[in-house]
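Every read-out reported here was derived from the displayed coordinates using simple, explicitly stated rules and does not represent laboratory data. What you see is a predicted model, and the numbers here were worked out from it, not measured in a lab. Here the Cβ positions follow ideal geometry from the backbone for every residue, glycine too, while neighbour counts run over all protein chains shown.
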Amino acid sequence: MEQVKKRWSLEGKTALVTGGSRGIGRAIVEELARLGASVYTCARGETELNRSLSAWKVMGLRVDGSVCDVSSSSCRKKLMEDVSSLFQGKLDILINNAAIVIPKPAEEVSAVDYAAIMSTNFESGFHLCQLARPLLKASGQGSIVFISSVAGSVGVINCAAYGATKGAMNQLTKNLACEWSKDNIRTNSVAPGFTKTEMAAGFFADEEILRAAIARTPLRRMAEPEEICSVVAFLCMEAASYITGQVIVVDGGVTVNC
Ligand code: NDP
């Protein structure tokens, strides 16, 4: 029984979750911490981050964090220095979750929009993996999870650049699995479908688009963030120790509905 409990627990693990102040990232922080991990998180907005940090403290969860814009190379470097010093040079779990969406027809995406989407959603994850690699290797059982999207594998209108970052992330998941398994670092992605967060509220501001999205989803509803974070937590456990290079779709069936 004890062995089973250990395989389904994150007790004693350390984790970095980007973009944890709200939405799916916040749910991931809470899930990992409730399962026993010590978690560090970041976001750009200080007020919202501090509100979340205070709530976690009240809940008795081991969560720390700081303001960091993951699209900036100097901020990423400082973030990883802080994480390394807090967790004494070892990191078990890296969750690349922070992302933005700027819903627009492809022909209207400006150079500034494009650069912001690429650097926040894809480049940040790529470079954070590079920076975290020595810490993940030192842990002896590192797990990276990218939060991708169904938009990374199927066509979605007004998501040209966003979907491209998620498609690139899915490929990076496979490539890193091939390169870093030798150090027992596993790399997987979770690709959510429509999930109730601030990002989705912006994307589905038009009620008609939301109704159509739900009608296309076999489970006929959006996901709750908790339904995404449980899969993320599983991938970080010893119970998932033979899973690497995979993109796990959590979408209420929308991508299999033709
Ligand atoms: P939210 O917008 O609700 O939350 C995003 C989080 O990331 C916030 O904490 C935000 O804080 C942070 N963030 C954004 N940009 C940066 C940055 N440059 N540096 C640091 N932190 C940043 O989004 P969701 O929770 O909906 O999305 C989470 C993940 O799930 C994303 O990768 C998204 O692509 C993916 N996803 C979401 C879906 C959905 O329907 N909601 C569907 C499919 C995938 P702040 O703004 O203060 O920086």
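Could you tell me the center-to-center distance, by alpha carbons, between the stretch 152-217 and the stretch 70-95 in angstrom? Between the Cα centre of the stretch 152-217 and that of the stretch 70-95, the gap is 24 Å. What ³J(HN,Hα) values, in whole Hz, does the Karplus curve 6.51 cos²θ - 1.76 cosθ + 1.60 give for the stretch 152-163 when θ = phi - 60°, with x put for Gly and Pro? Running phi through 6.51 cos²θ - 1.76 cosθ + 1.60 with θ = phi - 60° gives x, 10, 10, x, 9, 5, 6, 10, 4, 6, 4, x Hz. From the square roots a ≥ b ≥ c of the eigenvalues of the alpha-carbon gyration tensor of the stretch 51-103, which class results: rounded (a/c under 1.5), prolate (a/b over b/c), or oblate? Here the stretch 51-103 falls in the oblate category. Set Lys and Arg Cβ to +1 and Asp and Glu Cβ to -1, take the dipole of the stretch 81-218 about its Cα centre, and tell me which of Ala212, Leu136, Leu86 lies farthest positive. About the Cα centre, the residue reaching furthest to the positive side is Leu136. Let's test the formula: R0 of 41 Å, r as the Cβ-Cβ distance of Asp113 and Glu11. What FRET efficiency results, to the nearest 0.05? Computed FRET efficiency for Asp113 and Glu11: 0.45. Translational D (Stokes-Einstein, µm²/s) of the chain at 25 °C and 0.890 mPa s when Rh comes from the Kirkwood sum over C-alpha pairs? Using the Kirkwood radius from Cα pairs, D works out to 133 µm²/s.
Computing Rg and the Kirkwood Rh from the Cα coordinates of the stretch 130-174 gives a ratio, Rg/Rh, of 1.15. Computed from point charges on the beta carbon alone (+1 for Lys and Arg, -1 for Asp and Glu), the dipole magnitude for the chain about its Cα centre is near 620 Debye. Based on the convex hull around the alpha carbon atoms, the stretch 1-88 presents an average projected area of 6.1 nm². Once the Cα atoms are used to define both axes, helix 46-58 deviates from the longest principal axis of the chain by about 50 degrees.
With the simple spin-label model, which puts each label point 7 Å out from Cα in the Cβ direction, the Ala205 to Phe126 separation comes to 3.0 nm. Across the stretch 122-258, Cα pairs under 8 Å and at least six residues apart give a relative contact order of 30 percent. For the stretch 18-137, what class follows from the C-alpha gyration tensor (a ≥ b ≥ c being the square roots of its eigenvalues): rounded when a/c is under 1.5, otherwise prolate if a/b is larger than b/c, else oblate? It comes out oblate by the Cα gyration axes. Taking amide H atoms as placed 1.01 Å from N in the peptide plane, the amide H of Leu94 lies under 5 Å from those of Leu16, Ser143, Ile144, Val145, each 5 or more residues away in sequence or on another chain. With no solvent and one equal point scatterer per Cα, compute the Debye intensity ratio I(q)/I(0) for the stretch 126-258 at 0.16 Å⁻¹ and report its log10, rounded to two decimals. Values, matching the q order: -0.83. Estimated purely from DSSP H runs of n ≥ 4, each contributing -39500 (n - 2.57), the mean residue ellipticity at 222 nm for the chain is -14000 deg cm²/dmol once divided by its residues.
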